[in-house]
Amino acid sequence: MRPHPLFLLFGVLAMAMASAAPFSFASQEGAPADASPPSDSGDAESAATDATSGNIPIRLVAGRLIATCDISTDARRLPVNLLVEYDGPWGLRLHNQATNGIKAERDGVSVPITLHFPGFEIVVPAREHGPEEFYNDFTKYHSKDMGELALVGSIGAQILEKYSVSFDLEAGFLRLEPPRDEDPETVQTPAGVASIPVTIHNGIVWLPVRTGDGTPYAMGIGSSVYDTVIDEDLAYDLGAPAGNVGTVTIGGTEIDLSTFIALRPEPFFHVHPDRALGMTGINFLESTRVAIDRVNRRVALTRLKSPEYPQADFDYFAARVTDEPEAIEQYLDRYPHARLAHEAARRLVDLRLERDEGGEGFARAIGWLVDTAAEDLRTTTALDLMETLLESGYRDQALVAGEAGVPHGRKDRYPNAVHQIHARLGEEYLERDDRKKARRHLLSAAFGLPEDGRINLQLGRFYEREGRFNRAYSRYVQAVITPEAGPQALDGLERVHAKVAEEEGEPAEMMSVDTVARLIAGKTLNFGAATKFKATEDNASNRVVLLELFTNAHARGTLAGELAWDGLVSHFTYDHVAFVSYHLEQPELDPLAVPLADFAAKRASITEPTLVIDGQRRAPAMAR
């Protein structure tokens, strides 16, 4: 465990001022953090370096295959969730935050990452960058189903192709075994198992299939999405734009996909010499054990059950292809609790927006979207939609979305979601000068989030319009200390400052930095030393110590270091210590980061919060 910065920094400065001689404590270099851009390479070098065997526990969450494991480097180990995407043309994709957490990239060099599964491990030389927004949203909406661990990445084909892979969703396992050459004539196929020759093209394993008229096609094996996909252009050419192309039989078997799967028409970009029909999804793996042997180019299929044809799925695909909102509404009326009902509601909202339709039709679409969401995520769903609509300029529709989410706030998984909706509604109504509604929503928001800068700013504006300047002044003071609302709140303070003095019959003091300092005293996190440094013959020197602090507003664990910095600044005079603070660009871009700070950090090879004394000695400025 690293020493607590608050004590370490004061100890450092005490030693520094005691003598002009070089510092005597050991240099403490922080471990390098993520400093290199993510790799988009598709080379096989990103894949596993060895082939061990074992079972990976997998589960189905929101139509995706999830594996829970640990990832580690020599610096740190983290428990995470990863997607299993057999058709993904990558090795290991990782969220940047997970990469930073295990320090998988240092000084522009990738560090090997180990995936820890029950009984075996896989070592990956480097990671690739993944779709972070998708990972964030998936974690937000499905964390309960994933054991409250984040989804941070994906295992793709460049790892899985090194193994003979068996998907057994009924048992809840993905079986990996070292590949081995076998003589086809000596291999015995158990009863009930169909052994099928396959082709491998562009990294995808392809099953031979035939349609009802005997035309041969190829169907890829995938696990990235739930639905089995058919090329929408091919479906259109076959006169079945909804995907109902009839019989689709896997070569050499009696397995007819059309009897238990509704093919989903989607844009499809994979190609095959026999023409690609589409890609199997997780719904195929749910009813069929699939064992893939890439070396011998064979796949063993074992039917586990014979599910009923999903008529509700096909009816949605048929409604969707019409591009008519009325068809989607009819589907929702018929299947309000179907697997695809929430997706259908999102499509209905999009169609209403595309047609610039508001009023009752759009309100019904919003109602469907909220009602088909999980009961404990309905307010969160409405909030996310509201913010998207506001960003896109659909302000009237955003009000409808927000109002639809408010009634479900008590049951929502995220208790602040309803307060955030109230805040957005209040701000929007205030812009429209509907003060009655603005007041109701803003006060509701402030009740749940009393320290939120944006809410206090809007309440300040509301009270200012009402001519209640003392209350406006109070709200602006609460907002001015927050980074998200500080500049606007300062403008508000300047506007009402003189009016408050006038109401109280006192001469108006000119607004200044000192005025603001008095107003916010005691309202911000800072630290002041109890005494000032006094130079004596024993502790003084004829030089000034340079103290540099490298920090970042988004870095965790820096509060103690920054409070210690405040204490040092208040204790020593500028005659004895020169203080310079730089804001880094890692782990996220900081508003106070400037080119000079970036230059200084690169010159000193600093990538995480650090204290530097006289350019020589270092101490960590963050701790847990």
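The values are calculated or read from the model by the stated rules, or taken from the named source; none is laboratory data. Please read all numbers here as calculations on a predicted model, not as lab measurements. Using ideal geometry, Cβ is built from the backbone for each residue, glycine included, and neighbour counts are taken over all protein chains shown.
Kindly provide the set of residues from the range 92-140 that are more than 21 Å from the chain's Cα centre (by Cα), surrounded by fewer than 23 Cβ atoms within 10 Å (Cβ to Cβ) and not in a loop (DSSP other than H, G, I, E, B), ordered by number.
R106, V109, S110, T114, H116, F117, F120, E121, V123 - these are the residues of the range 92-140 that are more than 21 Å from the chain's Cα centre (by Cα), surrounded by fewer than 23 Cβ atoms within 10 Å (Cβ to Cβ) and not in a loop (DSSP other than H, G, I, E, B).
Can you tell me how many residues within the range 145-156 are out of contact with any helix residue (DSSP H, G or I) (no Cβ under 8 Å at 6 or more places or on another chain) and either assigned to a loop (DSSP other than H, G, I, E, B) or not acidic (D, E) (or both)?
So the answer is 5.
Only one residue in A404, A373 is part of a helix (DSSP H, G or I) and aliphatic (A, V, I, L, M). Which one?
A404
Are any residues in the range 412-442 crowded, with 20+ Cβ neighbours inside 10 Å and either outside any helix (DSSP H, G or I) or among the acidic types (D, E) (or both), and if so, which ones?
Of everything in the range 412-442, those that are crowded, with 20+ Cβ neighbours inside 10 Å and either outside any helix (DSSP H, G or I) or among the acidic types (D, E) (or both) turn out to be D412, E427, E428.
Condition first: of a type outside the set (A, V, I, L, M, F, W, C), in contact with a Lys or Arg (Cβ under 9 Å, 6 or more places away or on another chain) and surrounded by fewer than 21 Cβ atoms within 10 Å (Cβ to Cβ). Now tell me which residues in the range 297-319 satisfy that.
T302, R303, P310, D315, listed by residue number.
On the given criteria, is G101 of a type outside the set (D, E, K, R) and out of contact with any Gly (no Cβ under 6 Å at 6 or more places or on another chain)?
yes
(1) assigned to a loop (DSSP other than H, G, I, E, B); (2) surrounded by 20 or more Cβ atoms within 10 Å (Cβ to Cβ): which one isn't true of P483, the others all being true?
(2)
Could you tell me whether the range 261-270 includes any residue that is of a type in the set (G, A, S), outside the structural domain of E170 (by TED's automatic domain parsing) and within 35 Å of the chain's Cα centre (by Cα)?
The answer is yes; a qualifying residue exists.
Could you list all residues from the range 443-461 that are outside any helix (DSSP H, G or I) and closer than 14 Å to A489 by Cα?
Once the filter is applied, which keeps residues that are outside any helix (DSSP H, G or I) and closer than 14 Å to A489 by Cα, the range 443-461 yields E451, D452.
If I ask for residues that are under 32 Å from the mean Cα position of the chain (by Cα), surrounded by 14 or more Cβ atoms within 10 Å (Cβ to Cβ) and more than 20 Å from D598 (Cβ to Cβ), which ones from the range 530-558 would you list?
The answer is G557, and nothing else.
Would you confirm whether any residue within the range 354-366 is β-branched (V, I, T) and either under 17 Å from F138 (Cα atoms) or in contact (Cβ under 8 Å) with a residue 40 or more places away in the chain (or both)?
So far as the range 354-366 goes, no, none of its residues is β-branched (V, I, T) and either under 17 Å from F138 (Cα atoms) or in contact (Cβ under 8 Å) with a residue 40 or more places away in the chain (or both).
Check whether at least one residue in the range 599-607 is part of a loop (DSSP other than H, G, I, E, B), touching a residue at least 12 places away in the same chain (Cβ under 8 Å) and surrounded by fewer than 14 Cβ atoms within 10 Å (Cβ to Cβ), and report yes or no.
Within the range 599-607 (the criterion being part of a loop (DSSP other than H, G, I, E, B), touching a residue at least 12 places away in the same chain (Cβ under 8 Å) and surrounded by fewer than 14 Cβ atoms within 10 Å (Cβ to Cβ)), the answer is yes, since at least one residue qualifies.
Those residues that are farther than 16 Å from A498 by Cβ and touching a residue at least 24 places away in the same chain (Cβ under 8 Å), I need them from the range 461-475; list them, please.
The answer is R461, F462, R465, E466.
Go through the range 562-582 and give me each residue that's touching a strand residue (DSSP E or B) at 6+ places or on another chain (Cβ under 7 Å) and either within 21 Å of R106 (Cβ to Cβ) or of a type in the set (G, A, S) (or both).
A578, S581, Y582
Cβ contacts < 9 Å: first residue buried (at least 18 other Cβ atoms within 10 Å of the Cβ), restricted to the range 375-396; second residue assigned to a helix (DSSP H, G or I) and of a type in the set (S, T, Y), any location; separation 6+ or different chain. Result?
So the pair list comes out as L377/Y141; T380/Y141; T381/Y141; Y394/T388.
Can you tell me which of (1) in a strand (DSSP E or B); (2) touching a Phe, Trp or Tyr at 6+ places or on another chain (Cβ under 7 Å) is the one S223 doesn't meet?
Just one mismatch for S223, condition (1).
Okay, residues lined up against (1) under 23 Å from E286 (Cβ atoms); (2) among the polar types (S, T, N, Q):
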| position | (1), (2) |
| --- | --- |
| P131 | no, no |
| D137 | no, no |
| K144 | yes, no |
| L149 | no, no |
| V152 | no, no |
| A157 | yes, no |
| K162 | no, no |
| S166 | yes, yes |
| G172 | yes, no |
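Starting from the range 582-594, take each residue that is at pLDDT below 75 and list its partners that are not in a strand (DSSP E or B), counting only C-beta distances under 8 angstrom and pairs at least six apart or across chains.
Pairs found: D590/N552; D590/A553; D590/H554; D590/L584; P591/P483; P591/A553; L592/A553.
For the range 320-334, indicate whether the set of residues that are over 32 Å from the mean Cα position of the chain (by Cα), outside the structural domain of V248 (by TED's automatic domain parsing) and of a type in the set (A, V, I, L, M) is non-empty.
Looking through the range 320-334, at least one residue is over 32 Å from the mean Cα position of the chain (by Cα), outside the structural domain of V248 (by TED's automatic domain parsing) and of a type in the set (A, V, I, L, M).
What number of residues in the range 350-369 are under 24 Å from the mean Cα position of the chain (by Cα) and surrounded by fewer than 21 Cβ atoms within 10 Å (Cβ to Cβ)?
The total comes to 1.
Which of the residues belonging to the range 265-320 are part of a helix (DSSP H, G or I), farther than 19 Å from S223 by Cα and small (G, A, S)?
Scanning the range 265-320 gives A312, A318, A319.
So for the range 571-584 (the condition being part of a loop (DSSP other than H, G, I, E, B), among the aliphatic types (A, V, I, L, M) and exposed (fewer than 14 other Cβ atoms within 10 Å of the Cβ)), does at least one residue qualify?
no
Which residue pairs have Cβ atoms under 6 Å apart, sit 6 or more places apart or on different chains, and have a first residue in the range 476-492 that is touching a residue at least 12 places away in the same chain (Cβ under 8 Å) and under 14 Å from L459 (Cα atoms) and a second that is of a type in the set (D, E, K, R) and in a helix (DSSP H, G or I)?
Within 6 Å, the pairs are A485/R454.
Among E354, E324, E343, E308, which is the only one that is in contact with a Leu (Cβ under 8 Å, 6 or more places away or on another chain) and closer than 29 Å to L263 by Cβ?
From the options E354, E324, E343, E308, the qualifying one is E324.
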